[in-house]
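The values are calculated or read from the model by the stated rules, or taken from the named source; none is laboratory data. Computed from a predicted model, the values in this text were never measured in an experiment. Neighbour counts are summed over all protein chains in view; Cβ atoms, including those assigned to glycine, are modelled from backbone coordinates with ideal geometry. Side chains included, ligands, DNA and RNA excluded: accessible areas come from the protein's heavy atoms. Shrake-Rupley method; radii C 1.70, N 1.55, O 1.52, S 1.80 Å.
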Amino acid sequence: MGLRRDIPIIAHIDHSVLGRINGGTATLMGALLTTVDNVMIPAFTFSTMITPEKGPENNNMQYGASSGSNFDAKIFSHALPSELSNQEAIDILLEFPGTFRSSHPIFSFFGLGLDIVLADQTPEKPYLPIKKLKNLGGWVVLIGADPSHNFSIHYAEFLAGRKQYLRWALAPDGISACPHFPGCPNGFHKLDYYLQEELRVSVIEDTRLCAVPLNTMISTAVALLKEDPFALLCNDLQCKRCNLVRTEIKEQIANNWEPESENN
């Protein structure tokens, strides 16, 4: 797949495949860590999120509707388990010295030997670890995971100026505003067509593994979104997140439209 020990990666793992592997998670992580030295794994915690009584318009949120459930929200800490069904992989990573977790109350990451990538992530900069990993020549690896799990494409959306959202979460020092909350990822599989020459794909029985350099993937996605602002949206016409993006794009087009000159 083109991976080497000196290539840091962000790994997205569909843990439903692990039951079909002899030794399960331990075998998979052993194989991964004998291939590369530095691995980053998402440890997202959506249970820290709260709903305010009011906020900005067109934010895909019904304010005040979940105020009762705010009492059930958890305060982020570095000990809070991941809510992505990948805690077993994280537990194995934690057995190695040099494993560090970033501090975003929703979108934190664990990394082995990647402190420099993770240390400066803040609620205002959820994509900073992706940016830094890209600058280090990092790759993204999907192990049985659907392209919709590829969080790094949301960073490309951010760079291209696509609409994102504002959320709030409980941090150790109080309520944190978390801008740049991503939209719908269910159209991300469409990017594979534009990465045909660069995407490394392997299939083991019915499990698909793919890897691609972050720089290549992000620059391709940004260029695509600049050329076609509607690209990578999902096909569900009832999707509120994608429809808000479509509405904003149409308003931008209408505002920038100028009638043709009579001389043309």
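Here is a list: Glu83, Glu88, Glu95. Which entry is among the acidic types (Asp, Glu), surrounded by fewer than 23 Cβ atoms within 10 Å (Cβ to Cβ) and not in a loop (DSSP other than H, G, I, E, B)? Spell out how you get there, then give the answer.
Working: Glu83 fails: not in a loop (DSSP other than H, G, I, E, B); Glu95 fails: not in a loop (DSSP other than H, G, I, E, B).
None of the other options fit; the residue is Glu88.
Looking at Thr122, Thr48, which one is more than 29 Å from Leu3 (Cα to Cα) and in contact with a Phe, Trp or Tyr (Cβ under 7 Å, 6 or more places away or on another chain)?
Details: Thr122 fails: in contact with a Phe, Trp or Tyr (Cβ under 7 Å, 6 or more places away or on another chain).
The unique qualifying residue is Thr48.
Out of the residues in region 98-112 that are polar (S, T, N, Q) and open to solvent by less than 10 Å² (accessible area, probe 1.4 Å), which is nearest to Pro126 (Cα to Cα)? Show your work before the answer.
As a first pass, look at region 98-112 and keep what is polar (S, T, N, Q): 99, 102-103, 108.
With the extra rule that they be open to solvent by less than 10 Å² (accessible area, probe 1.4 Å), the set shrinks to 102, 108.
Values: Ser102: 10, Ser108: 8 Å.
So, considering only residues that are polar (S, T, N, Q) and open to solvent by less than 10 Å² (accessible area, probe 1.4 Å), the one nearest to Pro126 (Cα to Cα) is Ser108.
Considering every residue within region 83-94, establish whether at least one is touching a Lys or Arg at 6+ places or on another chain (Cβ under 6 Å) and over 30 Å from Glu53 (Cα atoms).
Restricting attention to region 83-94, the residues satisfying the condition of being touching a Lys or Arg at 6+ places or on another chain (Cβ under 6 Å) are none.
No, region 83-94 contains no residue that is touching a Lys or Arg at 6+ places or on another chain (Cβ under 6 Å) and over 30 Å from Glu53 (Cα atoms).
Looking at Tyr155, Tyr165, which is the one that is buried (at least 19 other Cβ atoms within 10 Å of the Cβ), among the hydroxyl-bearing types (Ser, Thr, Tyr) and at pLDDT 95 or above? It would help to see each step written out before you state the result.
Details: Tyr165 fails: buried (at least 19 other Cβ atoms within 10 Å of the Cβ).
When all the criteria are applied, what remains is Tyr155.
Touching a Pro at 6+ places or on another chain (Cβ under 8 Å), polar (S, T, N, Q) and either exposed (fewer than 14 other Cβ atoms within 10 Å of the Cβ) or farther than 15 Å from Gly113 by Cα (or both): which single residue out of Thr25, Thr34, Thr45 fits that description?
Details: Thr25 fails: touching a Pro at 6+ places or on another chain (Cβ under 8 Å); Thr34 fails: touching a Pro at 6+ places or on another chain (Cβ under 8 Å).
The match here is Thr45.
Checking the conditions here, which among Gly64, Gly2, Gly19 is open to solvent by less than 40 Å² (accessible area, probe 1.4 Å) and without any contact (Cβ under 8 Å) to a residue 24 or more places away in the chain?
Details: Gly2 fails: without any contact (Cβ under 8 Å) to a residue 24 or more places away in the chain; Gly19 fails: open to solvent by less than 40 Å² (accessible area, probe 1.4 Å).
Going through Gly64, Gly2, Gly19 in turn, the sole match is Gly64.
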